[in-house]
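Asks: Below is the structure I would like to discuss, written out as structure tokens.
The values are calculated or read from the model by the stated rules, or taken from the named source; none is laboratory data. No experiment lies behind these values; they were computed from the predicted model shown. Here Cβ is always computed from backbone atoms with ideal geometry, including for glycine, and neighbour counts include all displayed protein chains. Note: areas computed on protein heavy atoms with side chains; ligands, DNA, RNA excluded. Shrake-Rupley method; radii C 1.70, N 1.55, O 1.52, S 1.80 Å.
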Amino acid sequence: MSLANIKTLLKDAQDKNYAVGSFSVANMEMVLGVIKAAEETKSPIILQIAEVRLNHSPLAVIGPLMVAAAKNAKVPVAVHLDHGTTLECIRQALDLGFTSVMFDGSHLPLDENISMTQKVVAMAKPYGAAVEAEIGCVGGSEDGSVDIAMRCTSPQQAEKFFSETKVDALAIAIGNAHGFYKEAPCLRFDILQKVKETVSVPLVLHGGTGISEEDFIRCHQNGIKKINIATATFASVENQVRKAYNENEIGGYYDLHQAEIKGAYENAKKHMEIFYSVGKAE
Ligand code: 13P
């Protein structure tokens with residue numbers, strides 16, 4: 001039984017100076033692939049799904065699957081709702097046993113973002129669940145449906161936000177964006193440094209797909225303790241399936257199932273190594 005809470009995972013990541021990979025999943029094969037990589041590398045991990053993806057993978061179906069997979073894992077696995085935008089969905093995730101939820105009010109005026117986040121923190125408390133929020137605006141959008149303009153986090157706003165909400169993890173915008181980058185991202189490490197000096201909360205980097213190994217390491221050595229990966233997982237699964245078809249390895253449905261697991265596994269394992277989370281679940 002290894003269902004974990006991000007509060008414990010991110011505290012350990014702060015103490016031992018690494019980052020926990022937070023991997024978006026859409027089906028059972030991705031869940032199995034990511035957990036296989038975590039068990040093999042002895043990495044603590046977070047399984048997540050964003051509210052916008054629930055039209056493909058209904059929360060009432062995939063939620064219990066994620067929680068059951070976490071409970072059966074040999075390493076600590078937290079189960080997280082990514083980019084929650086409605087209180088109904090956040091409540092449903094908490095009822096299903098998710099150990100953390102994100103409220104994304106980054107598009108709201110600061111005061112509204114604060115007051116909505118306070119409501120979510122109060123809602124999560126009786127469940128013992130943790131809360132992540134976002135300040136500044138990560139570019140793009142989780143499912144690519146809207147191209148949200150990137151707005152870097154103001155360290156002063158981050159300080160006010162944290163002191164009034166006391167969230168457990170804070171997503172910041174430092175030039176990162178969801179989806180494939182149109183050009184190589186140029187992360188604002190000066191902003192990361194200032195936010196880290198201003199607030200003591202573990203910081204979260206969204207838009208992990210396409211960030212270089214060097215930048216990932218610089219991020220997790222400077223306060224980023226949770227790194228979100230979505231597009232890279234979906235692409236790795238798709239590419240693995242295509243390769244298996246091209247190489248005539250798919251003779252039936254269960255070969256396809258194995259190819260999907262392999263795609264998710266390889267991508268997750270690569271990131272766990274870069275995040276220095278390998279061996280931290282021992
Ligand atoms: P990518 O799709 O760029 O990996 O971003 C993932 C993410 O931040 C999910 O919230």
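Asks: Given the options G252, G144, G128, state which has the largest fluctuation in a GNM of the chain using a 10 Å cut-off (strictly under) for Cα springs.
Replies: G252
Asks: Using only the alpha-carbon atoms, how far is helix 6-16 inclined from the longest principal axis of the chain? Give it as 0 to 90 degrees, nearest 10.
Replies: Approximately 90 degrees, to the nearest 10.
Asks: Oh, and also: Roughly speaking, to the nearest percent, how much of the chain's 1.4 Å accessible area is carbon and sulfur? Don't skip to the end; give the middle numbers.
Replies: Values: 6290 of 11940 Å².
Looking at the chain in its full context, I get 53 percent from C and S.
Asks: Taking a probe of 1.4 Å, how large is the accessible area per residue of the chain, in Å²? Kindly include the intermediate steps, with their values, before the conclusion.
Replies: On the way: 11940 Å² over 282 residues.
For the chain, the solvent-accessible area averages 42 Å² per residue.
Asks: Ok, one more. When only Cα pairs under 8 Å and 6 or more residues apart are kept, what is the percent relative contact order across region 130-282? Numbers along the way, then the final one.
Replies: Details: 250 pairs, mean separation 27.7, N = 153.
Value for region 130-282: 18 percent.
Asks: To continue, here is another question. In region 76-221, what % of DSSP beta bridges are antiparallel (nearest 5)?
Replies: Details: 2 of 17 bridges.
Here the antiparallel bridges make up roughly 10 percent for region 76-221.
Asks: Long-range amide H contacts for G179: which residues qualify at under 5 Å (H placed 1.01 Å from N, peptide plane, sequence gap of 5 or more or a different chain)?
Replies: Those qualifying (amide H under 5 Å, at least 5 residues apart or on another chain) are T209, T231.
Asks: With respect to the cross-link table entries K226/K269; K71/K166; K11/K42, which display a Cα-Cα separation exceeding 24 Å?
Replies: Values: K226/K269 15 Å; K71/K166 28 Å; K11/K42 17 Å.
Pairs exceeding the cut-off: K71/K166.
Asks: Given an 8 Å cut-off on Cα distances and at least 6 residues of separation, report the relative contact order of region 140-225 as a percent.
Replies: Values: 120 pairs, mean separation 27.4, N = 86.
With pairs under 8 Å counted, the relative contact order is 32 percent.
Asks: OK, next. Does anyone have the angle between helix 253-274 and the longest principal axis of the chain? Alpha-carbon axes, 0 to 90°, nearest 10?
Replies: Helix 253-274 and the main axis of the chain meet at about 40 degrees.
Asks: How big is D for the chain, in µm² s⁻¹ as a whole number, if Stokes-Einstein is applied with the Kirkwood radius of its Cα pairs at 25 °C and 0.890 mPa s? It would help to have the intermediate numbers written out before the result.
Replies: Details: Rh = 18.6 Å.
In µm²/s, the coefficient is 132.
Asks: I've got another one for you. Report the Stokes-Einstein translational diffusion coefficient (µm² s⁻¹, integer) for region 117-171, Rh taken as the Kirkwood radius over Cα pairs, at 20 °C with viscosity 1.002 mPa s.
Replies: After rounding, the answer is 172 µm²/s.
Asks: A follow-up question, please. Under a plain spin-label model, where a point goes 7 Å from the Cα along Cα-to-Cβ, how far apart in nm are E88 and R242?
Replies: 3.7
Asks: Just want to confirm a number: the relative contact order over the chain, from Cα pairs under 8 angstrom separated by 6+ residues, in percent. Kindly include the intermediate steps, with their values, before the conclusion.
Replies: Numbers: 604 pairs, mean separation 66.5, N = 282.
Reported relative contact order: 24 percent.
Asks: Continuing with the same structure: Given only helices, namely DSSP H runs of n ≥ 4 each adding -39500 (n - 2.57), what is the per-residue ellipticity at 222 nm of the chain, to the nearest 500 deg cm²/dmol? Working shown, then result.
Replies: Details: 10 runs with 130 residues, N = 282.
Calculated at 222 nm, the ellipticity per residue is -14500 deg cm²/dmol.
Asks: While we're on this one: Where a Cα-Cα gap under 15 Å defines reach, which aspartates and glutamates qualify for K243, not counting those fewer than 8 residues away within the same chain?
Replies: Here the aspartates and glutamates satisfying the reach criterion relative to K243 are D255, E260, E266.
Asks: For all pairs of alpha-carbon atoms in region 1-159, what percent lies in each bin of width 10 Å, listed from the first bin to the last filled one?
Replies: Bins of 10 Å from zero give 11, 38, 38, 13, 0 percent of pairs.
Asks: Using only the alpha-carbon atoms, how far is helix 110-124 inclined from the longest principal axis of the chain? Give it as 0 to 90 degrees, nearest 10.
Replies: 60
Asks: Which FRET efficiency value, to the nearest 0.05, do you get for Y254 and F180 by plugging their Cβ-Cβ distance into 1/(1 + (r/R0)^6) with R0 = 35 Å? Please report the intermediate quantities before stating the final value.
Replies: Working: r = 30 Å, r/R0 = 0.87.
My answer for the efficiency is 0.70.
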